[in-house]
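Shown next, in structure tokens, is the structure this report addresses.
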Amino acid sequence: MGYFSKREKILITIIAMLIIIIFVFRNPSDDLNVAKENNLVIINDESKTVEEEKNNEEIPSEIIVHISGQVYQPGIYRLFSGDRVIDVVNLAGGLTKDADLDKINLARKISDEDKIYIPKIGEDVNVNSNNSPPEFIESKDDKTSTSKININTCSKEELVSLPGIGDVLADRIIEYRNKTKFNEIEDIKKVAGIGDAKFNSIKDLITTK
């Protein structure tokens, strides 16, 4: 059996002492700190995932609706999917004192291209089978003549709410119908200032009956 040299013995002794020193002075909480740090990383990752999911939620899309009748500022307004009748009413300046509140469902959600008509107190209107279009929402899939503006009987405010129809044209339309009744919607082109282009922009919104 061989023996270690004096130099080898000294080297082994030094290595053994270093191992003992490292073991004795090692902080027992180091492992716990490492574990905590690892847990923190996991928690942060989970939080990031939740945040990413929130950011990926559907963003409300922009919609355009037309409101007329008993509001102060009839016209076309931009809103967002999920908005309700009350939202477009507020944008239109609110309801007039003549608005029939018993025939308005302010909580109804609106859709793109809806036409909303706010009736006047005492106005003879029809209610559909589910008793819920008091405000006469006309969707793009359900266009009915009851929600269109009757150019023979409507108010100036309703005429102004039509695309491209301002105060001057509204006055001309009223002046014309006071002399000659509109028998069909195409007759409105006989009013000075209303050509084919303007007629095409309002033809789906008006009626003569």
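The values are calculated or read from the model by the stated rules, or taken from the named source; none is laboratory data. None of these values were measured; they are calculated from a predicted model. Neighbour counts are summed over all protein chains in view; Cβ atoms, including those assigned to glycine, are modelled from backbone coordinates with ideal geometry.
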- [ ] Taking Lys181 as the residue in question, decide whether it is touching an Asp or Glu at 6+ places or on another chain (Cβ under 9 Å), in a loop (DSSP other than H, G, I, E, B) and charged (D, E, K, R).
- [x] yes
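In the set Asn33, Asn27, which member is in a loop (DSSP other than H, G, I, E, B) and at pLDDT below 65? Can you show your working first?
Details: Asn33 fails: in a loop (DSSP other than H, G, I, E, B).
So the residue among Asn33, Asn27 that is in a loop (DSSP other than H, G, I, E, B) and at pLDDT below 65 is Asn27.
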Open item on the list: I'm trying to understand the selection: among the residues of the stretch 77-115, which are farther than 21 Å from Ser61 by Cα and of a type in the set (Gly, Ala, Ser)?
Closed with: Gly93, Gly94, Ala99
Task: Qualifying residues in the stretch 54-105 (those that are over 14 Å from the mean Cα position of the chain (by Cα) and among the basic types (Lys, Arg)) - the one farthest from Asp204 (Cα to Cα) - done: Lys54
